1. Sorted by packing (mean other beta-carbon atoms within 10 Å per residue), highest first, where do 362-374, 156-168 land?
2. Take the alpha carbon atoms of region 125-140, find their center, do the same for region 284-308, and report the distance between the two centers in whole angstrom.
3. For region 283-342, taking Cα atoms only, what is the radius of gyration to one decimal and the Dmax to the nearest whole Å?
4. Which value in nm describes the separation of the simple spin-label points at residue 123 and residue 191, placed 7 Å from the Cα toward the beta carbon?
5. Obtain the nm distance between the two label points defined at residue 75 and residue 214 by a simple spin-label model: each point lies 7 Å from its Cα along the Cα-to-C-beta direction.
6. Arranged by the count of other C-beta atoms within 10 angstrom, fewest first, what order do 235, 269 take?
7. Give, in nm to one decimal, the length gained when the segment between residue 291 and residue 322 is fully stretched (0.36 nm per residue of separation minus the Cα-Cα distance).
8. Tell me, in nm to one decimal, what length is gained between residue 403 and residue 420 on full extension, where the rule is 0.36 nm per residue of separation less the Cα-Cα distance?
């Protein structure tokens, strides 16, 4: 062989290896796009290029593997799988078979891996953590969906309202808002939903299932979102902050309600008396006063209340508990609101002034009650007789004349009274030691 011959072989060898590298790059790019190109039809020369021939054989075998990877096809719906076991798991869906059952809540699954993921709900284990924000998840799929939040990519847009979504499935669910389609129907009550996940959440209202359990106190929840909100009690997290006063809240809804303090908005109106309220709950409780509904009843004296909190405060009367102590004068109170009202006596702040007589008050409610003296309004009417009163407390004391109720008892002699003031007079006259 001449001196030029080895040089020619080395050049061809280098050219062949470069083409192999280009082929590798193309295959790698195709792997990412799940497309597999045919090998280039170049013919290597010389025995020193046997590696290229070997590489083409490798590509051919891999191409054959790719062809058989999706050979396991469901004969009912046509869906294909790369492994036989995945096909077997899929067929169980058609047959309604769920052999893997949770021993804590009874929920069943078609695959053992799904059961393992589900068990983390009960154990509270979240092994899949986001490296960007530290949030953890019980399964890898939820972590992958969460990562899309940081990327910010929302390639699927609604052609009707322009709203964008990270996944096509979410877009499909959203489109039902425009079409009104609700294909997921509850077999027990007939209520329908646009997403299967919403139906699954709803079914727990019938079954009473609470699979999401707090790892710290053991309290169970039917919805995962409710568990996340509950965990803020333990962590002290209050992510929703008022931009006007800086007060923070654990729930977004609580912040929304709080804003009405600054705006003065009272969007909830009573259809019977026209009174407005800032919160829907306040309107609900108010309507009970018109209907005469008092679901919370004292088991000691039979007195009933519209609110459970009022009953709790009332129970302090029987227990003779007065946990709220004024640090200025030492006076005690059974209710927090009475204690706060009393404290204004010491501060001397009376910002609410009557326009008729100039009398000032510490609370707006007190001013409103006072103005009834000028207007003659007596909105609180006795249900037993025609007598009316300008204050609710006066009505309650009066109604005890009809009911015979005497909830205020002397701690010394046991004598009972219809009002706290009557008991106080009795204590001063007959039990002077207690009045000191």
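Any read-out appearing in this document is the output of simple, stated calculations on the displayed coordinates, not a laboratory observation. What you are looking at is a predicted structure, and each value in this text was computed from that prediction instead of being measured. Because the Cβ atoms are built from the backbone with ideal geometry, glycine has one as well, and the counts that use them run over all protein chains shown.
1. Values: 362-374: 14.9, 156-168: 12.4.
Result, highest mean Cβ count within 10 Å first: 362-374, 156-168.
2. What the calculation gives is 47 Å, centre to centre.
3. Radius of gyration, then largest Cα-Cα span, for region 283-342: 13.8, 42 Å.
4. 3.3 nm
5. Placing both labels 7 Å beyond Cα along the Cβ direction yields 5.4 nm.
6. 235, 269
7. Numbers: separation 31, 0.36 × 31 = 11.16 nm, distance 3.21 nm.
Between residue 291 and residue 322, full extension yields an extra 8.0 nm.
8. Separation in residues times 0.36 nm, less the Cα-Cα distance, equals 4.5 nm.
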